[in-house]
1. What do you reckon, is residue 273 surrounded by fewer than 19 Cβ atoms within 10 Å (Cβ to Cβ), within 14 Å of the ligand (Cβ to nearest atom) and not in a helix (DSSP H, G or I)?
2. Show me the helices (runs of 4 or more DSSP H) found entirely inside region 135-235 where at least 2 residues are more than 15 Å from the ligand (Cβ to nearest atom), assigned by TED's automatic domain parsing to the domain that holds residue 263 and in contact with a helix residue (DSSP H, G or I) (Cβ under 9 Å, 6 or more places away or on another chain).
3. Checking the condition in contact (Cβ under 8 Å) with a residue 24 or more places away in the chain, outside the structural domain of residue 157 (by TED's automatic domain parsing) and farther than 18 Å from residue 395 by Cβ, which residue from 314, 299 passes?
4. Quick test for you: out of 45, 32, 37, pick the one residue that is closer than 30 Å to residue 229 by Cα and either surrounded by fewer than 15 Cβ atoms within 10 Å (Cβ to Cβ) or touching a residue at least 24 places away in the same chain (Cβ under 8 Å) (or both).
5. Can you tell which of 229, 140 is surrounded by fewer than 18 Cβ atoms within 10 Å (Cβ to Cβ) and under 21 Å from the mean Cα position of the chain (by Cα)?
6. Any residue in region 312-328 that is crowded, with 20+ Cβ neighbours inside 10 Å and in a helix (DSSP H, G or I)?
7. Name, by its number, the condition in (1) under 30 Å from residue 387 (Cβ atoms); (2) surrounded by fewer than 19 Cβ atoms within 10 Å (Cβ to Cβ); (3) in contact (Cβ under 8 Å) with a residue 40 or more places away in the chain that does not hold for residue 27.
8. Looking for whichever is in a strand (DSSP E or B) and within 24 Å of residue 306 (Cβ to Cβ) here; the options are 429, 415, 422, 360. Which one fits?
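The values are calculated or read from the model by the stated rules, or taken from the named source; none is laboratory data. All figures in this text were calculated on a predicted structure; none of them were measured in a lab. In this analysis, Cβ positions are derived from the backbone assuming ideal geometry, glycine residues included, and neighbour counts consider all displayed protein chains.
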Ligand SMILES: Cc1ncc(COP(=O)(O)O)c(C=O)c1O
């Protein structure tokens with residue numbers, strides 16, 4: 001066989017193996033990865049033509065298609081408008097933009113748009129070392145691509161949160177155009193309502209990156225950014241929100257100030273940063289919005305309960321889960337310090353060898369330049385929750401993890417137990433098995 005054929009066959013084989021490995025045989029605890037329902041997957045497969053189309057153009061202040069530069073848009077514009085409206089209804093806001101292909105893209109358009117609208121290049125953000133996403137930081141998108149000047153919120157490592165009082169002083173002194181909340185290592189609601197008035201005082205827009213917690217917000221837990229005074233929410237659509245990979249921006253066009261912001265963000269989407277917008281994900285996004293509308297509250301509550309149960313159980317069994325005094329977490333994630341067991345890199349690899357997939361993670365007090373040697377793990381429970389894990393299942397999973405972390409059993413031996421245990425949880429709950437099932441459910445309702 002020539003090299004080309006050989007490569008192709010290996011590609012298909014690896015793709016098939018991946019599907020079986022991660023979907024069937026592994027327990028997935030990466031905090032940034034969601035789990036799509038069969039109905040969401042079906043909607044993706046129904047959009048194979050749409051997936052290849054273009055819809056460049058402008059939208060109006062309700063997020064609807066206003067002008068398109070391509071022909072053949074008869075149904076495409078309807079699809080974009082309907083999925084936009086489903087997201088607006090779910091998050092009770094007047095404007096949404098679903099053209100973003102990722103959370104990073106949503107941040108790019110928002111930070112560019114808001115800094116333009118505010119005529120101010122300063123942005124106050126959570127320090128990268130304390131859980132912000134690289135796209136918020138001067139070393140990433142915000143600084144190195146958009147040229148924004150970052151000023152850090154003051155962060156309390158003890159509280160694992162932004163120190164509202166001290167950050168108020170920072171905002172007053174810096175007079176930024178944007179104050180940003182939200183993050184990747186995100187255990188407790190950020191003090192939006194405490195700092196909203198201060199941001200207003202200096203004329204800053206308030207942005208909230210909900211990438212990790214969008215599904216929790218949809219389910220009415222964690223925090224409600226809009227009612228706390230956020231102007232714009234940016235997000236991925238595939239973490240706790242269990243949709244297709246993509247991004248979204250949400251807001252309320254309630255006055256001239258917000259209209260100006262939304263128009264600037266829209267310009268930052270098209271023409272500045274998007275040409276094709278991965279339209280094939282839009283029907284699936286709508287299915288996920290429907291599922292979260294119907295089942296999101298129950299899913300979000302159980303997800304947080306499972307994360308808290310894991311925190312408590314691991315802690316009681318001698319694993320240093322952070323923030324014990326605060327109940328470990330109010331989100332889908334916990335942060336664990338495993339320096340006593342060889343550090344995050346070793347433990348994450350041992351767990352992977354047992355088919356339990358977690359992230360190694362730098363903790364705020366680690367040497368931030370030594371990225372390869374973090375003492376922590378970040379563990380997320382949204383995937384297992386959607387597969388039906390309840391508290392007793394979480395404790396059993398923790399027992400398997402503890403036996404690996406403490407070196408009591410060989411990972412290869414635990415792997416067999418993990419594969420057998422996972423077999424009980426290969427049905428996705430809190431959602432629909434097919435698009436037809438969703439339609440029938442709605443007809444009966
Ligand atoms: C807080 C936060 N914002 C943005 C992103 C980027 O999201 P995406 O991977 O959709 O670009 C992430 C990724 O995990 C994140 O944690």
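1. Details: surrounded by fewer than 19 Cβ atoms within 10 Å (Cβ to Cβ): yes; within 14 Å of the ligand (Cβ to nearest atom): yes; not in a helix (DSSP H, G or I): yes.
Spelling it out, residue 273 is indeed surrounded by fewer than 19 Cβ atoms within 10 Å (Cβ to Cβ), within 14 Å of the ligand (Cβ to nearest atom) and not in a helix (DSSP H, G or I).
2. On the way: elements: 164-174, 192-201, 214-218, 225-228.
Result: 164-174, 192-201, 225-228.
3. Numbers: 314 fails: farther than 18 Å from residue 395 by Cβ.
Just one listed residue meets the conditions, 299.
4. Details: 45 fails: closer than 30 Å to residue 229 by Cα; 37 fails: closer than 30 Å to residue 229 by Cα.
That would be 32, the only listed residue that is closer than 30 Å to residue 229 by Cα and either surrounded by fewer than 15 Cβ atoms within 10 Å (Cβ to Cβ) or touching a residue at least 24 places away in the same chain (Cβ under 8 Å) (or both).
5. On the way: 140 fails: surrounded by fewer than 18 Cβ atoms within 10 Å (Cβ to Cβ).
Exactly one residue qualifies, and that residue is 229.
6. Yes; the residues of region 312-328 include at least one that is crowded, with 20+ Cβ neighbours inside 10 Å and in a helix (DSSP H, G or I).
7. Residue 27 satisfies all of (1) under 30 Å from residue 387 (Cβ atoms); (2) surrounded by fewer than 19 Cβ atoms within 10 Å (Cβ to Cβ); (3) in contact (Cβ under 8 Å) with a residue 40 or more places away in the chain except (2).
8. On the way: 429 fails: in a strand (DSSP E or B); 415 fails: in a strand (DSSP E or B); 422 fails: in a strand (DSSP E or B).
Exactly one residue qualifies, and that residue is 360.
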